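Everything below concerns the one structure shown next.
Only the coordinates and a few stated rules stand behind these numbers; no lab work does. Since we're looking at a predicted model, the values are computed, not measured. In this analysis, Cβ positions are derived from the backbone assuming ideal geometry, glycine residues included, and neighbour counts consider all displayed protein chains.
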Ligand code: MBD
Ligand code: FE
């Protein structure tokens, strides 16, 4: 069977009816987007001759995806989140906004509400025998290189099992383990004292890995650390650094690696005097350069569903 009915009046009318295109009621943007996406799906069913079995497998897949809570994970794995970055990069070029630390994807595992400390924060709350100490430090500046006071650097990363607090399937971590926030002083400096992360892997029984298996793709990320960097006079930066030497750096299932986001890791001693668990520790220096507001507006703030464990959010729930 290879029928092509997409262009028929009956199907075109069906698409219009299903999205209520003929009326002024409803949300015009939602109607336009739904009509377009549904049309593209119908056309694809025609052109690829998708069978009913395939369609129902896909519908059931969406149910599993939601049950597993993995829609945002799949968005990262299919490059949708990367595509949004590429569009923001292109928009910046078009607006002649150049320079600054490169953006890269947020991913699905941020939790709002980490305690904000001045200058330095120790964020390894839970013991992790397999992880050695790591200090990440640097300066936040504007494009002119002048250090910015009152910038807030938020950071979050995985433990030595590749698990994030609040999303750890073993339930082993305290709420804000390996998550922190630091406010800079006049020198623009921030420092996180933490433990070396290990790369993330998609839940093996989850919907995301199920599709990746069909595509013969792995669901792993290299070891990395996420950052939000905010300041009242600049645009919010969403980025990550990778841990140098990880074999998956250029084979990230979420496509987040960028050339300028792989800082050197230096071996240091003197950790005991700093209160670290070992005297030998690793240090990463990574400086953030933030870009100015656009006509007074931060056009880099992305609204999306996030876990929010701030005081007020807890009280409201
Ligand atoms: C992660 O830690 C992550 O950063 C992304 C993008 C996807 C899954 C897990
Ligand atoms: Fe991550």
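Some observations on this one:
- Note on residue 88 and residue 130: the extension gain reaches 11.3 nm, defined as 0.36 nm multiplied by sequence separation minus the Cα-Cα distance.
- The mean sequence distance of close C-alpha pairs (under 8 Å, at least 6 residues apart), as a share of the length of region 79-316, puts its relative contact order at 27 percent.
- Among 61, 281, 200, 110, sorting on how many other beta-carbon atoms sit within 10 Å of each Cβ, with the fewest leading, yields 61, 110, 281, 200.
- Restricting attention to the chain, close to 70% of DSSP beta bridges with both partner residues there are antiparallel.
- Rounded tilt (10° steps) of 9-18 against the dominant C-alpha axis of the chain: 50
- In this simple spin-label model, placing a label point 7 Å from the Cα along the Cα-to-Cβ direction at both residue 3 and residue 98 gives a separation of 5.7 nm.
- For the chain, the spread of Cα coordinates along the three principal axes comes to 76, 46, 42 Å, biggest extent given first.
- Extension gain for the segment residue 213 to residue 122, taken as residue separation times 0.36 nm less the Cα-Cα distance, is 28.9 nm to one decimal.
- For region 202-225 versus region 115-167, the gap between their alpha-carbon centres in whole angstrom: 26
- Angle between the chain longest axis and helix 28-48 axis [Cα atoms, degrees, rounded to 10]: 70
- Based on alpha carbons, the Rg and Dmax found for region 77-224 are 17.5, 52 Å.
- The angle between the Cα long axis of helix 80-94 and the main principal axis of the chain comes to about 80°, on a 0 to 90 degree scale.
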